[in-house]
Structure formats: C-alpha cells, structure tokens
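The values are calculated or read from the model by the stated rules, or taken from the named source; none is laboratory data. Treat the numbers as computed from the prediction; the structure is a model and nothing was measured. Here the Cβ is made from the backbone with ideal geometry for all residues, glycine too, and neighbour counts use every protein chain on show.
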Amino acid sequence: MKGRVVVITGGASGIGEACAELFHNEGAQVVVVDKDALQTSHQDLVLEGDVGDEKTVQAHVNVILKNYGRIDSLITCAGFSTGTSVTKTSLDEWNAVLQTNLTGTFLWARETAIAMSKTGGGTIVMIGSQLAFAGGKSNAAYLASKGAIVALAQTMAIDCAVDRIRVNALIPGAIETPLLSRSFARADDPDAARVRSISRHPLGRLGQPSEMARAILFLASPASSFTTGSCLRADGGWLAG
Ligand SMILES: NC(=O)c1ccc[n+]([C@@H]2O[C@H](COP(=O)([O-])OP(=O)(O)OC[C@H]3O[C@@H](n4cnc5c(N)ncnc54)[C@H](O)[C@@H]3O)[C@@H](O)[C@H]2O)c1
C-alpha cells in the first residue's frame, strides 16, 4: 500500500482505527474521516464531520483531492446501532441509523468512485455484518442497514468494474470495540450477553479490530486483484454453524 491514498470513515475508533494503524504501517497515506475525530498517530489527514451529510462528504472529497490528487482505497467503517426491535423503533431512530450506516456508505462510495474513475480505478471496502445473514433480535434498523450495504457492494461492483474499481464487503463477527461494549451494556445482563456472543463463534472468542484490519487490507490491496462484489467473512465461524 506504499504511497497509496487510503480514506477510512469511522477511522477514530474500533475497526476503523485499527485500519488506520495497519495501513499507516504499510506505508499508505491515511485520511481519517469521523464525527469525533480524535487525534491518533496513524493518519496523515483528519476530516471531522458527518458521513451522512452530502455537502460535507463532497467538501471532504474535494479537500482530499486537493491534497493528494487521488483516492486509491476507501474503507467505510462509520456506523452505529441502537438495539431496538421493529415495533419499538421510532422513525427518527430508523432514519438516523440508515442515514449514517447506509447513506453515509453510499455517499462516500459514490463521491470516491467518481474521483477514482478519473485516476484509473481503486478499491472500496464496505463493512457489513454477520447479522445481515444470520439475523439477530432487537436491532432492526442496524440489521436492515447492513443487509442493504451488502446489496450495495454487489451492485456497485458491477457498475464500477468498467472503471477498474473493485468493491467488496467485509462481514465481521462480534469484534471487541466500543460499539460492541455499548451493545452489551444495553442488555439486562451485560456479562451474560458477552458470554452468549462468544458462544456464537466456533473459534470460542470475540474478534479483535486488528484481525478485521488485516482482512480489509487483503480486500483493499492488489492481493485480491480478481475479487469484486464479494463478501469476505471474518466472523470466527459464526455463519458456518
Ligand atoms: N464491533 C462489532 O462487533 C461489529 C460487527 C459487525 C460489523 N461492525 C461494523 O464495523 C463498523 C465499525 O464499527 P466499530 O465496532 O469499530 O465501532 P466504533 O463505535 O468503535 O467506531 C465507529 C466509528 O464511526 C464513527 N461514526 C459514527 N457515526 C458517524 C457519522 N455519522 N459520521 C462520521 N463518523 C461516524 C464513530 O465516531 C466511531 O469513531 C461499523 O459499521 C459496524 O457496524 C462492527
């Protein structure tokens, strides 16, 4: 990834932060986009703002192109969950989750693909979820957003192949990040929720953000040069069982 310009949304925490560290160590020029852009030592440029806001996304892409002239890889990690069932989900909650998780992914992918089409191509990695395939209770808006991200990655892979842009989705299991901690904290018994979650993985443990970053690196790099429109499971075996 030496010298490549890599943009990571949600790059200030969890999986995105681990990506920033790994891609930085691989020699990439790392741009972190986040609504809470904490300074870490792993990025060359930090852009603070909401991924679900079209004008902000367009302004951020313009700043990146002004600074670097190109985007080689985009990784869309920005996302959150609220943990409510369909009948308890208000329209405001639904819209907020979809706006960040799905629309934020769409906006960044669209603007980046337009830029990539003028510079010879690139790679886009979207973050889905094992729950998009396995289901799961009390997380209606989140699961819907993740299912749609998988579909978006597939259709975009077809649309953008002509521009030499590869688009893939990573399918994590439960990964030890602040998002997962918040999700356990919402349960009546957070310790029991953690044990239950561990038991869903044949590998018998939760995943680490650094393990997701390595799988994302594969999808973003030339190592996966004939892979597009795919879902790479890095889920500790959750979906196998
Ligand atoms: N942790 C897991 O178990 C798990 C499992 C499957 C999928 N995922 C997905 O992986 C991605 C990263 O999750 P994580 O666990 O690292 O979470 P995290 O909470 O640690 O990090 C998410 C980051 O996204 C940022 N963000 C949220 N909304 C934003 C917005 N509107 N605009 C800009 N930035 C925004 C947050 O500030 C945060 O820095 C998410 O899409 C999540 O759905 C996580």
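Tabulated values for the structure
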item	result
Verdict on Val46 being within 30 Å of Asn95 (Cβ to Cβ), in contact with a strand residue (DSSP E or B) (Cβ under 7 Å, 6 or more places away or on another chain) and surrounded by fewer than 24 Cβ atoms within 10 Å (Cβ to Cβ)	yes
The range 195-222 residues that are among the hydroxyl-bearing types (Ser, Thr, Tyr), paired with ones that are part of a helix (DSSP H, G or I) (beta carbon under 9 Å, 6 or more apart)	Ser197/Leu180; Ser197/Ser183; Ser197/Phe184; Ser210/Ala18; Ser210/Glu21; Ser210/Leu22
Residue that is nearest to Ala220 (Cα to Cα), among those in the range 13-42 that are at pLDDT below 95 and within 17 Å of the chain's Cα centre (by Cα)	Ala37
Flag for Val61 being in a strand (DSSP E or B), touching a helix residue (DSSP H, G or I) at 6+ places or on another chain (Cβ under 6 Å) and more than 9 Å from the ligand (Cβ to nearest atom)	no
Filter result for the condition that a residue is over 18 Å from the mean Cα position of the chain (by Cα) and of a type in the set (Gly, Ala, Ser), over Ser210, Ser221, Ser197, Ser181	Ser197
Hey, Ala215 closer than 20 Å to Ala109 by Cα, surrounded by 17 or more Cβ atoms within 10 Å (Cβ to Cβ), under 17 Å from the mean Cα position of the chain (by Cα) and among the small types (Gly, Ala, Ser) or not	yes
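This table checks each residue for (1) touching a Gly at 6+ places or on another chain (Cβ under 8 Å); (2) more than 15 Å from the ligand (Cβ to nearest atom).
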| position | (1), (2) |
| --- | --- |
| Ile15 | no, no |
| Cys19 | yes, no |
| Glu26 | no, yes |
| Gln29 | yes, yes |
| Leu38 | no, no |
| Gln43 | yes, no |
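Listed here are the residues, each with its yes/no results for (1) in contact with a Gly (Cβ under 8 Å, 6 or more places away or on another chain); (2) away from the ligand (no atom under 14 Å from the Cβ).
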position	(1), (2)
Asp53	no, no
Leu65	no, yes
Ile71	yes, yes
Leu74	yes, no
Ser81	no, no
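Okay, residues lined up against (1) surrounded by fewer than 23 Cβ atoms within 10 Å (Cβ to Cβ); (2) touching a residue at least 60 places away in the same chain (Cβ under 8 Å); (3) farther than 19 Å from Ala153 by Cβ; (4) touching a strand residue (DSSP E or B) at 6+ places or on another chain (Cβ under 6 Å):
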position: Val51; (1), (2), (3), (4): no, no, no, yes
position: Lys66; (1), (2), (3), (4): yes, no, yes, no
position: Cys77; (1), (2), (3), (4): no, yes, no, yes
position: Ser85; (1), (2), (3), (4): yes, no, yes, no
position: Glu93; (1), (2), (3), (4): yes, no, yes, no
position: Gly120; (1), (2), (3), (4): yes, no, yes, no
